[in-house]
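Taking it in order: structure first as structure tokens, then the write-up.
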Amino acid sequence: MKKFAVIVLAIILAFAAYFVYEYRANVPTPDPGSSETGKPDNKSAEDPEEEIVPNDGPLFNRALVTIMFDDGWARNPAVVISILDKYGFKTSHCYLTSNLAWKEAVDGMLWLDRAGHEICSHGLIHEDLTLLSPDELQRELRDSKRIIEETLGKPVEVFVSPFGIYNDTTLSAIKDVYRSHRGTQPGYNTKENFDAYALMVKNVFLTTTASEVSQWIAEAQAENAWLIILYHEVHDEASEFGTKPAMFEAHMQAITQSGVVVKTYSAALNECQKQTK
């Protein structure tokens, strides 16, 4: 059985490597300053030149929201990019590299990257890392990072544990390879509980309403917390763990109406870390 698993993994990696090199050059580069839809980009709330004021108080300077997507669903970019462009949001997408064996997924990831969104790693094939041997764990962490980096031509610094499951052993290995890590534990990231390798989220399900998202944001604003809102698939045929496009847009409207600052995972991490040192 173990030999069969190794063969399957080798086939997946071979397919991924093939599409990395075969299709990378074939994705059109969007015109700087414009979206893939051809409309001018809204000014993002994320300003790379803004000065972050050091903070010795009990709270962060302000509340932040990060919009994240796990798994790397191939259909997501075509659905979400136009909506995100409409509201001027830049987001973070964590890919299972086994999904990159398909051209559509590679093209979608490159599209997201070139549109200014962040790409992170979710491992090779969505396995519980705590059940793997040391060698298997290293492959999940390092090979997934390498494949994405070779596709994008830039560093990948964030890892998300499959199923949100991790322990001291896997976390120690993750710290050797990545700058930050998150699972799926529900909660808010405050200055008091901040841990760059155990960041918490609010999980979105098919039944999650815009009112719930508004309530999450209000609670984050009350404590100047960093709120990470976690999505999976966004599609009209989404499962119970997904979101339909109309509801996704309603969520984006709720975020806009709140006035909260929206940043990618790494940009929000930078801001929070500068206030916790």
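Every read-out reported here was derived from the displayed coordinates using simple, explicitly stated rules and does not represent laboratory data. Everything quoted here is computed from the prediction, not taken from an experiment. Note that each Cβ is placed from the backbone with ideal geometry, even for glycine, and that neighbours are counted across all protein chains shown.
Beta carbons closer than 8 Å, at least 6 apart along the sequence or on distinct chains, pair a first residue in region 260-276 that is touching a residue at least 24 places away in the same chain (Cβ under 8 Å) with a second that is among the hydrophobic types (A, V, I, L, M, F, W, C) and in a helix (DSSP H, G or I) for VAL260/ILE217; VAL260/ALA220; VAL262/ILE255. For VAL261, the conditions (1) closer than 27 Å to ASP143 by Cα; (2) under 18 Å from the mean Cα position of the chain (by Cα) are fulfilled apart from (1). Taken residue by residue, region 202-220 has at least one member that is within 24 Å of ALA267 (Cβ to Cβ), in contact with a Lys or Arg (Cβ under 7 Å, 6 or more places away or on another chain) and either without any contact (Cβ under 8 Å) to a residue 60 or more places away in the chain or of a type in the set (D, E, K, R) (or both). Filtering region 174-201 to residues that are buried (at least 21 other Cβ atoms within 10 Å of the Cβ) and touching a Lys or Arg at 6+ places or on another chain (Cβ under 7 Å) leaves LEU199, VAL201.
LYS145 falls short on exactly one of the conditions (1) surrounded by 16 or more Cβ atoms within 10 Å (Cβ to Cβ); (2) farther than 24 Å from TRP111 by Cβ, and that condition is (2). LYS202 meets all of the listed conditions (1) in contact with a strand residue (DSSP E or B) (Cβ under 9 Å, 6 or more places away or on another chain); (2) of a type in the set (D, E, K, R); (3) within 21 Å of PHE89 (Cα to Cα); (4) in a helix (DSSP H, G or I) but one, namely (4). Looking across region 206-234, the residues that are out of contact with any helix residue (DSSP H, G or I) (no Cβ under 6 Å at 6 or more places or on another chain), within 20 Å of ARG75 (Cα to Cα) and surrounded by 15 or more Cβ atoms within 10 Å (Cβ to Cβ) come down to ILE229, LEU230, TYR231, HIS232, GLU233.
Here ALA238 meets each of (1) small (Gly, Ala, Ser); (2) part of a helix (DSSP H, G or I); (3) buried (at least 20 other Cβ atoms within 10 Å of the Cβ) with one exception, condition (2).
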